[in-house]
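Comments concern the structure below.
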Amino acid sequence: MIRQKLIAGNWKMHKTTTQAIQFANDFIAPGINQFKKTEVCVCVPFVHLHALENIFTQNDIKLGAQNVYFEQEGAFTGEISCGMLADAGVKYVIVGHSERRALFAETDDMINKKLRAAFNSALNPILCVGENLEQRGSGAAQETVGRQLEAALRDIGITGVQRLTVAYEPIWAIGTGRTAIPNQVREMCAFIRSKIEALYDGRAAAKTRCIYGGSVNPVTARDIVGNSDVDGALVGGASLKPDVFFNIVKAVNSQD
Ligand code: PGA
């Protein structure tokens with residue numbers, strides 16, 4: 001099964017709308033839409049969605065969000081629903097990023113509800129999983145990721161899972177400049193796919209995309225995404241600079 005590679009940027013809490021539009025122009029100018037083999041997405045702060053929708057759509061860049069609430073509407077001050085995001089042109093939404101788990105007390109149960117809400121809408125969720133340094137050191141990385149997957153995917157039907165992207169993001173690699181080595185990523189992506197096969201079946205596992213995130217740059221992107229088990233990358237810091245992000249897409253797209 002050939003899964004199209006996905007390179008998704010995660011801007012986190014960066015850029016004003018003026019800076020976001022400038023980024024879009026600079027990213028597109030050298031010809032980003034020549035890279036047909038690779039799907040490109042940028043997950044931006046909510047306030048930039050409207051300003052970026054047209055320019056992204058015209059250049060085949062998918063608009064992404066970094067979070068969503070699971071209720072459809074109601075008295076939930078400060079929250080945004082899947083329907084609102086889909087209406088704003090959003091195609092992908094990050095769910096369960098480790099920063100949201102750690103800093104905003106997101107639980108496995110909330111992540112499960114967010115995934116369900118996304119699958120009931122037109123959004124494609126990017127589910128983040130990953131172990132911390134201590135868990136990696138004590139040999140509990142797979143067990144941790146396995147537990148996160150089981151909890152996140154509880155009662156999610158097989159049709160939903162086939163639209164899922166799992167981002168393996170070891171916490172010790174996020175924003176640290178310490179990228180996981182290609183073998184660690186390949187092993188974990190293969191494990192994630194085997195876990196999905198166990199929870200669902202081989203067909204669902206073959207369709208699920210598994211990407212890597214954690215200090216990805218143009219050089220590490222080529223090595224890590226070069227493996228057939230690894231379907232792309234979720235890129236934080238390096239997605240803020242248009243030329244660097246462009247070079248990541250180029251490096252991944254130029255692989256066979
Ligand atoms: P980083 O962030 O590329 O800056 O390490 C990745 C992420 O948090 O998604």
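The values are calculated or read from the model by the stated rules, or taken from the named source; none is laboratory data. Values in this document were obtained by computation on a predicted structure and should not be read as measured data. Please note: Cβ atoms are built from the backbone with ideal geometry, for glycine as well, and neighbour counts cover all protein chains shown. Side chains are part of the model used for accessible areas, which takes the heavy atoms of the whole protein and leaves out ligands, DNA and RNA. Shrake-Rupley method; radii C 1.70, N 1.55, O 1.52, S 1.80 Å.
Per DSSP helix of 4 or more residues, -39500 (n - 2.57); summed, then divided by the residues of the chain. What does that give at 222 nm, rounded to the nearest 500?
On the way: 12 runs with 111 residues, N = 256.
Mean residue ellipticity, 222 nm, calculated: -12500 deg cm²/dmol.
Towards the positive end of the charge dipole of the stretch 5-240, with charges on Cβ (+1 Lys, Arg; -1 Asp, Glu), say which of 149, 168, 28 has the farthest Cα.
28
When you count, for each residue, the other Cβ atoms within 10 Å and take the mean per peptide, how do 210-216, 88-94 rank with the highest first?
Numbers: 210-216: 26.6, 88-94: 21.3.
Most protected by this proxy first, the peptides run 210-216, 88-94.
Relative to the Cα centre, what is the charge dipole magnitude of the stretch 5-240, using +1 at the beta carbon of each Lys and Arg, -1 at the beta carbon of each Asp and Glu, and rounding to the nearest 20 debye? Numbers along the way, then the final one.
Details: 24 positive and 24 negative charges, 98 e Å.
I would put it at about 480 debye.
Return the carbon/sulfur percentage of the accessible area of the stretch 5-240, one whole number, probe 1.4 Å, all protein chains in place.
Details: 5270 of 10400 Å².
Whole-percent figure for carbon plus sulfur exposure: 51.
Could you run the Karplus curve 6.51 cos²θ - 1.76 cosθ + 1.60 with θ = phi - 60° over the stretch 77-83 and give me ³J(HN,Hα) per residue in whole Hz, x for Gly and Pro?
So the Karplus estimates, Gly and Pro as x, are 3, x, 9, 10, 9, 4, x Hz.
Could you tell me which residue out of 80, 98, 119 lies farthest along the dipole of the stretch 12-135 toward its positive end? Charges go on the beta carbon: Lys and Arg +1, Asp and Glu -1, centred on the Cα centre.
In the stretch 12-135, that residue is 119.
With a cut-off of at most 13 other beta carbons within 10 Å, and DSSP calling the residue loop, which trypsin sites (Lys or Arg not before Pro) in the stretch 168-219 qualify? Please list them. The partial results should precede the final answer.
Values: sites: 178, 186, 193, 195, 203, 207, 209; in loops: 178.
Listed in order of number, the matching sites are 178.
Where a ≥ b ≥ c are the square roots of the eigenvalues of the C-alpha gyration tensor, would you call the chain rounded, which needs a/c under 1.5, or, failing that, prolate if a/b is larger than b/c, or oblate?
Rounded shape, in that the Cα axes give a/c under 1.5.
Skip the ligands, DNA and RNA, and give the accessible area per residue of the stretch 1-91 with a 1.4 Å probe, whole Å².
It amounts to 54 Å² per residue over the stretch 1-91.
Which value, in debye to the nearest 20, describes the size of the charge dipole of the stretch 1-114 about its Cα centre when Lys and Arg Cβ atoms bear +1, Asp and Glu Cβ atoms bear -1, and nothing else is charged? Don't skip to the end; give the middle numbers.
Numbers: 12 positive and 12 negative charges, 106 e Å.
Result for the stretch 1-114 is approximately 500 debye, rounded to the nearest 20.
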